[in-house]
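Asks: Take a look at the following structure, please.
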Amino acid sequence: MAEILQHWAGGKPLASSGDRTGDVTDPATGAVTKQVAFASPDDVERTVAAARDAFPGWRDTSLSRRTQIVFRFRELLNARAGELAAIITAEHGKVLADAAGEVARGQEVVEFACGMPHLLKGSASANASSGVDVHSIRQPLGVVGIISPFNFPAMVPMWFFPIAIAAGNTVVLKPSEKVPSAAQWMAELWAEAGLPDGVFNVLHGDKVAVDGLLTHPDVKSLSFVGSTPIARYVYETGTAAGKRVQALGGAKNHMVVLPDADLDLAADQAVNAGFGSAGERCMAISAVVAVGRAGDALVERIAQRTTGLRTGDGRRGADMGPLVTAAARDRVGGYVDAGEAAGASLVVDGRGIVPDAEGEGFFVGPTLFDHVTTDMSIYTDEIFGPVLSVLRVETYDEAVAMINANPYGNGTALFTNDGGAARRFQQEVEVGMIGINVPIPVPMAYYSFGGWKSSLFGDTHAHGTEGVHFFTRGKVVTSRWPDPASPEHGGGVDLGFPTSG
Ligand code: NAD
């Protein structure tokens, strides 16, 4: 019997009351490695109850004690990051170095959250009115839900839970059913770090689990990351139920290369950002927009680098691993067929490559198209695979117009040596995260991560001070302590609206 991974609630495994499960596969070999429980409505109820019961005690735990536990989590994770990276590679397929990079970027948010005592400081005004003082505080929300995608099994949950926990909330994480084991591993690490039972809980499953969280009266907020249709659904359903929701969606990220750019740098970065993690990153570059005479020389350089990449099992030193599932492989292959049929020039064809792997893994090799136009499905759709499209335009203005006409607005990059063009670009482009000669401009933990347009629903980005704001509510306290020596001790009767004076 294959192992069935169960939920984690109240500091221990929680066996599902239902019998629905899903396969967990190793994408490099195609083998089913375990089963994961899919939550029933009763499982949702019991997991949220564990988080709800833990909330008052955790809220009232001192800031310094809470922060010490977060710091201890950091220390344990530093010592054992390799274990987590191996779990990510075994279920997602990305190469080990990439998985280690994901853990390191998540760890930055843990480190940011260690500064929570400073981040939660309110402000105070003495004598705002005669004898009246005002101060503000921020308090945790209660039980917060996190729903994460398959492509970053550790980092995306870590965009949220370190801040939520350090701020005094209790968490129910619903990880992607395709990559459930990283969440379980992190739950055990929290327990080892001394986090009280019920503060961090994991609910596995599919739409039943998500819908349960979206409508549960004890869940106060939802942080979602995934595809745009589901992000929109989560935002609309969660806000209709009165919850605070941040829902990060899909992307189509453009990299504009001006003729004056360093074309070797641009080609290196296009390949890294296009094919890293097999293109399964929300900040992957999928559209290279070559301006004017940059085109031919750039495509030649990208093609040369693309053909040199090694595709295979992420544990064998390959540059690029498999796609996450057989369905993802078939979908990506279908887009390559469609691009060819639509008349784009197929410069490097990744279909049918022979990977360095055992078994029946889900591989598509790096694929490069040139002369792609904005009406082709390889441009209009988020492929989420190792397919890089080059589009040709004559001017900078055409490039910016193309980006601004795209429904997504997650990340974008400009490659140039012209500071004036770079300055204009960051002002004019309707995208949330901009790179200047940087292809994947993922903000540091102390800034906030988020796109515009169909890449984010809600108004609060992830982590940084916006994250602290999302996981807390503000209160303003106005107080007067009458001076017993004053003759106006009682203040007198006055039904007018109070004004300062
Ligand atoms: P997905 O939308 O299929 O799944 C995300 C989560 O939603 C999972 O936990 C899944 O179980 C759940 N879910 C799936 N279908 C559902 C439904 N019908 N009802 C309720 N819940 C449902 O996304 P994915 O394939 O796991 O991840 C890839 C997508 O995530 C891409 O579109 C990528 O761009 C996006 N992404 C965005 C960011 C960002 O920061 N904007 C970051 C990472 C990934």
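Asks: Identify all residues within region 409-425 that are within 15 Å of the ligand (Cβ to nearest atom) and not β-branched (Val, Ile, Thr); write none if there are none.
Replies: Initially, region 409-425 is screened for residues within 15 Å of the ligand (Cβ to nearest atom), giving 409-412.
Gly409, Asn410, Gly411 - these are the residues of region 409-425 that are within 15 Å of the ligand (Cβ to nearest atom) and not β-branched (Val, Ile, Thr).
Asks: Across region 367-385, what is the total count of residues that are more than 20 Å from Ser455 (Cα to Cα) and under 24 Å from the mean Cα position of the chain (by Cα)?
Replies: Summing the residues that are more than 20 Å from Ser455 (Cα to Cα) and under 24 Å from the mean Cα position of the chain (by Cα) in region 367-385 gives 0.
Asks: For region 99-124, name all the residues that are touching a His at 6+ places or on another chain (Cβ under 9 Å) and outside any helix (DSSP H, G or I).
Replies: Hits for region 99-124 are Gly122, Ser123, Ala124.
Asks: Which residue out of Gly312, Gly343, Gly350, Gly339 is under 21 Å from Val289 (Cβ atoms), of a type in the set (Gly, Ala, Ser) and buried (at least 22 other Cβ atoms within 10 Å of the Cβ)? Working first, answer last.
Replies: Details: Gly312 fails: under 21 Å from Val289 (Cβ atoms); Gly343 fails: buried (at least 22 other Cβ atoms within 10 Å of the Cβ); Gly350 fails: under 21 Å from Val289 (Cβ atoms).
Of the residues listed, the single one that is under 21 Å from Val289 (Cβ atoms), of a type in the set (Gly, Ala, Ser) and buried (at least 22 other Cβ atoms within 10 Å of the Cβ) is Gly339.
Asks: Would you point out which residue out of Asn151, Asn127 is surrounded by 16 or more Cβ atoms within 10 Å (Cβ to Cβ) and either outside any helix (DSSP H, G or I) or in the same structural domain as Asp356 (by TED's automatic domain parsing) (or both)?
Replies: Details: Asn127 fails: surrounded by 16 or more Cβ atoms within 10 Å (Cβ to Cβ).
Result: Asn151 is the single residue among Asn151, Asn127 that is surrounded by 16 or more Cβ atoms within 10 Å (Cβ to Cβ) and either outside any helix (DSSP H, G or I) or in the same structural domain as Asp356 (by TED's automatic domain parsing) (or both).
Asks: While we're looking at this one, here's another question. Does Lys94 fit the bill of being touching a residue at least 60 places away in the same chain (Cβ under 8 Å) and in a strand (DSSP E or B)? Can you show your working first?
Replies: Working: touching a residue at least 60 places away in the same chain (Cβ under 8 Å): yes; in a strand (DSSP E or B): no.
Criteria not met by Lys94.
Asks: Between a first residue in region 291-312 that is among the β-branched types (Val, Ile, Thr) and a second residue that is modelled with pLDDT of 95 or more and in a helix (DSSP H, G or I), which pairs have beta carbons less than 7 Å apart while being 6 or more apart in sequence or on different chains?
Replies: Filtered contacts from region 291-312: Val291/Tyr396; Val291/Ala399; Ile302/Ala267; Ile302/Ala270; Ile302/Val271; Thr306/Val271.
Matching residues to (1) assigned by TED's automatic domain parsing to the domain that holds Pro140; (2) within 16 Å of the ligand (Cβ to nearest atom):
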{"site": "Asp197", "(1), (2)": "yes, no"}
{"site": "Val202", "(1), (2)": "yes, yes"}
{"site": "Ala209", "(1), (2)": "yes, yes"}
{"site": "Pro217", "(1), (2)": "yes, no"}
{"site": "Ser227", "(1), (2)": "yes, yes"}
{"site": "Ala231", "(1), (2)": "yes, yes"}
{"site": "Met283", "(1), (2)": "no, yes"}
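Asks: Could you check region 26-42 and list, in sequence order, the residues that are buried (at least 23 other Cβ atoms within 10 Å of the Cβ) and of a type in the set (Val, Ile, Thr)?
Replies: Val36
Asks: Going through region 426-459 one residue at a time, which ones are among the polar types (S, T, N, Q) and within 13 Å of the ligand (Cβ to nearest atom)?
Replies: Ser448, Ser454, Ser455
Asks: Given (1) within 9 Å of the ligand (Cβ to nearest atom); (2) aliphatic (A, V, I, L, M); (3) surrounded by fewer than 24 Cβ atoms within 10 Å (Cβ to Cβ), identify the lone condition not met by Ala193.
Replies: That leaves (1) as the condition not met.
Asks: If I go through region 153-182 residue by residue, how many of them are within 21 Å of Phe112 (Cα to Cα) and either without any contact (Cβ under 8 Å) to a residue 60 or more places away in the chain or of a type in the set (Ser, Thr, Tyr) (or both)?
Replies: The qualifying residues number 6.
The values are calculated or read from the model by the stated rules, or taken from the named source; none is laboratory data. Just so it is clear, the structure is predicted and the values come from calculations on it, not from any experiment. Note that each Cβ is placed from the backbone with ideal geometry, even for glycine, and that neighbours are counted across all protein chains shown.
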